Amino acid sequence: MSGISIVGTGNMARALAGRALAGGNAVEIIGRDPARAEESAASLGGATVGAVGTAPAGDIVVLAVPYAGAAALVREYGDALRGKVIVDVTNPVAADLRGFVVPDGSSGAQEIAGAAPEDARVVKAFNTVFSHVLAAGPAEGRPLDVFIAGDDAQAKARVSVFVESMGLRPWDIGELFMARALENVGLLELGLMNHSVKHTNFSLGVTLLG
């Protein structure tokens, strides 16, 4: 299907890698701690291991790292990301959960795009799905919804194919400025977790009526 390089070794990286492999994609795991990256790849079975700073093998590069270091990581890669589709899954939420750690009027995805090579294409996706929900996949007969924002239609189409290969349902919500809306949805989910639902075993999606 697709060649996917996942930068990160945390819960979200593992969940994405597991579903990507199950969907028949070639998966590369990249982490600053080589031993942890090797451990992640071995536990998943079928994934290869790459190194931070060298050109990712995949045409789609998923940033499954905390937002705080995401833009710096993209700058570190530099021209190694030329021509790549960069998928930003981060939520740049402030520690007090009252806002975001990005400039007013911007978003994490837009800040990452500003750090990327000119011909790299940034797509926002997966930030509204908790890692363990993603790992479990569709529940009660309905697919998980993944919202996608980006300025390049071809890049969004490629990410949509990747999402579908994982047994998930992609929804294109528009250009990259809409990443702000998706990051607000991420904050909304944290509000639900803290004040109403009291856990993270839920997902938000679209129900078509009629």
Kindly indicate whether any position in segment 43-59 is assigned to a helix (DSSP H, G or I), at pLDDT below 95 and either touching a strand residue (DSSP E or B) at 6+ places or on another chain (Cβ under 7 Å) or more than 29 Å from ALA181 (Cα to Cα) (or both).
yes
Might you check whether a residue that is polar (S, T, N, Q) and surrounded by fewer than 16 Cβ atoms within 10 Å (Cβ to Cβ) occurs anywhere in segment 109-130?
no
Test each condition in (1) assigned to a loop (DSSP other than H, G, I, E, B); (2) surrounded by fewer than 22 Cβ atoms within 10 Å (Cβ to Cβ) for THR90 and report the one that comes out false.
(2)
Out of all the residues in segment 95-149, which are closer than 20 Å to VAL161 by Cα, assigned to a loop (DSSP other than H, G, I, E, B) and of a type in the set (A, V, I, L, M, F, W, C)?
ALA120, ALA125, PHE126, VAL129, LEU144
So which of GLU76, GLU183 ends up being touching a Ser or Thr at 6+ places or on another chain (Cβ under 6 Å) and on the phi < 0 side of the Ramachandran plot?
GLU183
Contact list please: Cβ distance under 9 Å, first residue in segment 45-63 and at positive phi, second residue crowded, with 21+ Cβ neighbours inside 10 Å, pairs at least six apart or on different chains.
GLY46/VAL27; GLY53/TYR77
Search segment 19-31 for residues being out of contact with any strand residue (DSSP E or B) (no Cβ under 9 Å at 6 or more places or on another chain) and in a helix (DSSP H, G or I), and hand back the single one that is surrounded by the fewest Cβ atoms within 10 Å (Cβ to Cβ).
ALA22
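The values are calculated or read from the model by the stated rules, or taken from the named source; none is laboratory data. Keep in mind that this is a model prediction, so the values were computed, not measured. Heads up, the Cβs are rebuilt from the backbone with ideal geometry, glycines too, and the neighbour counts pull from every protein chain shown.
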